[in-house]
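Everything on this sheet refers to the single structure shown next.
Every number here is computed from the coordinates shown, using simple stated rules; none is lab data. Just so we're clear, the structure is a prediction, and the values are computed from it rather than from any experiment. Cβ atoms come from the backbone with ideal geometry, glycine included; neighbour counts cover every protein chain shown.
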Amino acid sequence: MANQRLTDKTALEEQAGSGDLLMVVDVSDTTGSAAGTSKKIDFKYVIQTDKFSLDNTEVQALHSTPKTLVGALSGYMVTPISCTVLVTYASATEASNNSLYLGYDSSQDLAYWDYGSRFMGGVGTDATYIFAGGAPSLKGVLAGDSILNKGFYMWSNAAFTGGWTCDVYLTYAYTKVL
């Protein structure tokens, strides 16, 4: 409502997400006043967590149909912070010993942000996996390849065979490259 103080507004009592707007004062723009100009900013430029639910068919097809977790945005790079995968086991223990990858180029397995080796291999129960990008490959995204204007994906090196689904929570920010 117009002419209402910010402290009188209703509180957002859940996570903000893409499309949610914040009000900021841009102190470098003094066209509104000497103290700065009020502007809006989409929350996706600050920090965001998105949830993706994959059924067993999608899980088993990750090697041929990678999951786009964050789309490319021209002039920006996706800066992942963490990725949590909550796996729900149904039946048929994973026997493939395949790896799950997270990164910017799903067309090959030599460059990635992080990965889970032998993902769900031999696990016959629900499981949680937390990735923080601490183990990029030696030929990874930082060695000779730009992440500017690229999306962020999840894929596997071959077909998974187990009976499980997962919820993926990716926390990230878009970072403008100046």
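Legend: ranking of residues 118, 5 from fewest to most surrounding C-beta atoms inside 10 Å; resulting order 5, 118.
Legend: residue pairs 44/176; 67/150; 39/176, Cα-Cα distance threshold 19 Å; every pair lies within threshold.
Of the options (1) 9, 31, 28, 17, 10, 5, 0; (2) 9, 34, 31, 18, 7, 1; (3) 11, 40, 41, 8, 0, only one is P(r) over Cα pairs in 10 Å bins from 0, in percent as computed from these coordinates, and that is (1).
Residues whose amide H falls under 5 Å from that of residue 63, counting only those 5 or more places apart or on a different chain, are 156, 160, with hydrogens built in the peptide plane. Here the sum of -39500 (n - 2.57) over DSSP H runs of 4 or more residues, divided by the residues of the chain, equals -500 deg cm²/dmol at 222 nm, to the nearest 500.
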